[in-house]
């Protein structure tokens, strides 16, 4: 499966926030760990609501977590 044009810094923010696990982030935003894995690996684009929840979890803006990089 091809990577999507949306890149993210979720892994970086998880480690900057007490080495938060994928499961801990998933629990905070109400999705499965598999969803977080797929988003981190750019295999799945989150909904806008989920993207905002992830950014809010790290207390940063949406564009600090997600970047659109068309080919």
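The values are calculated or read from the model by the stated rules, or taken from the named source; none is laboratory data. This structure is a prediction, so every number in the text was calculated from the model and none was measured. With ideal geometry, Cβ positions are generated from the backbone for all residues, glycine too; neighbour counts draw on all protein chains shown.
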Practice task
Go through the stretch 9-24 residue by residue and tally those that are touching a helix residue (DSSP H, G or I) at 6+ places or on another chain (Cβ under 6 Å), closer than 23 Å to residue 70 by Cβ and not in a loop (DSSP other than H, G, I, E, B).
Solution key: 2
Practice task
Within the stretch 1-17, identify whether any single residue is modelled with pLDDT under 95 and within 12 Å of the chain's Cα centre (by Cα), and answer yes or no.
Solution key: yes
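Condition check ((1) in contact with a strand residue (DSSP E or B) (Cβ under 8 Å, 6 or more places away or on another chain); (2) assigned to a loop (DSSP other than H, G, I, E, B); (3) surrounded by 11 or more Cβ atoms within 10 Å (Cβ to Cβ)) across all residues:
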site	(1), (2), (3)
26	no, no, yes
37	no, no, yes
52	no, no, yes
63	no, no, no
71	no, yes, no
Fill in the blank from the handout: Of the conditions (1) out of contact with any strand residue (DSSP E or B) (no Cβ under 7 Å at 6 or more places or on another chain); (2) in a loop (DSSP other than H, G, I, E, B), the single one that residue 42 does not satisfy is (1)
Completion exercise
residue 67 meets each of (1) in a helix (DSSP H, G or I); (2) in contact (Cβ under 8 Å) with a residue 60 or more places away in the chain with one exception, condition (1)
